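Here the structure comes first, spelled out in structure tokens, and everything after it is commentary.
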Amino acid sequence: MHLSLSLASPVGHLILEEDRGAIVAVRWGDGVGGNGSPLLAEAARQLDAYFAGGLTEFDLPLRAAGSAFERRVWAEMARIPYGETRSYGDLAAAIGSAPRAVGGACGRNPIPIVVPCHRVLAKAGLGGYSGAGGLKTKQTLLSLERAH
């Protein structure tokens, strides 16, 4: 059963989604309410704590739908410590791939913020960001982490 919960955040309105006991998506949208669950309430609590600067590592069961390659990229992204960044090339070298392919997988990350694709930068700058607000949102998330 697919469950959801909406959450106001400093980077816009988020919709958290759960399926079979795991978080499967964090997306931007104007959804209202949702049917919720204890796991979604915990995810919302952790996101609130993250935005307040009191949480540096999420502890949630995740199940992101994607190819085996995408899941490898997302797992590598999840290893980037709070407040730090890596380049697409760094991730590509870590998994034996190419930066452009890593960038594509970053853009398809279904659980942004929790799986920190905002911490992945282009060699010559910020790169892109697929979340609502694009680079402004990416800059906000990076600034938030640097401030704490």
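Observations on the model:
- Relative contact order [Cα under 8 Å, 6+ residues apart], the chain, whole percent: 21
- Karplus-derived HN-Hα couplings along the stretch 67-78 (A = 6.51, B = -1.76, C = 1.60, θ = phi - 60°), whole Hz, x at Gly and Pro: 5, 4, 4, 4, 5, 5, 4, 5, 5, 5, 4, 5
- Label reach from Ala147 (point 7 Å along Cα→C-beta): in the stretch 1-41, amide nitrogens under 19 Å belong to 8-14.
- Among beta bridges that DSSP assigns inside the chain, antiparallel share in %, nearest 5: 85
- In this simple spin-label model, placing a label point 7 Å from the Cα along the Cα-to-Cβ direction at both Ala98 and Lys123 gives a separation of 1.3 nm.
- Mean Cβ neighbour count within 10 Å, used as a protection proxy, ranking 54-62, 85-93 highest first: 85-93, 54-62
- Amide proton proximity set for Gly12, modelled H, under 5 Å, gap of 5+: none
- Over the chain: helical MRE at 222 nm, DSSP H runs n ≥ 4 each giving -39500 (n - 2.57), nearest 500: -11000 deg cm²/dmol
- Using θ = phi - 60° and Karplus 6.51 cos²θ - 1.76 cosθ + 1.60, couplings along the stretch 127-140 (whole Hz; Gly, Pro as x): x, x, 7, 8, x, 4, x, x, 5, 4, 5, 4, 4, 4
Since every read-out is calculated from the coordinates, none of them should be taken as a lab result. Keep in mind that what you see is a predicted model, and the values were worked out from it rather than measured. All Cβ positions, even for glycine, are placed from backbone atoms using ideal geometry, and neighbour counts span all protein chains on display.
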